[in-house]
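Notes follow once the structure below has been shown.
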Amino acid sequence: MKVECPACHAKVHVGGKPRMGQKVKCRSCDAELEVVWLEPLELDWAYDEDEFEDEYDEDYEDAY
Ligand SMILES: [Zn+2]
């Protein structure tokens, strides 16, 4: 299956049967991506969830 990279819009090949949270790397721009939706197949940035967690949560609540 091929999906568009959210960073550079190149087509990224996802091997096998894609599943939610699957990590994929864009060969074009080297972005670390992750499957966020299956139908249609969609990729988004793969964030390292261990970092920044608390700080960002608090910022969002104050801003909105
Ligand atoms: Zn890319």
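Laboratory data are not the source of any read-out in this text; all were calculated from the coordinates shown. Computed from a predicted structure; not experimentally measured. Every residue, glycine as well, gets a Cβ built from its backbone with ideal geometry; the counts of neighbours run over all protein chains shown.
Placing pseudo-labels 7 Å out from each Cα toward the beta carbon at residue 32 and residue 13 gives an inter-label distance of 2.3 nm. Sorted ascending by nearby beta carbons within 10 Å, beginning with the fewest, 5, 26 become 5, 26.
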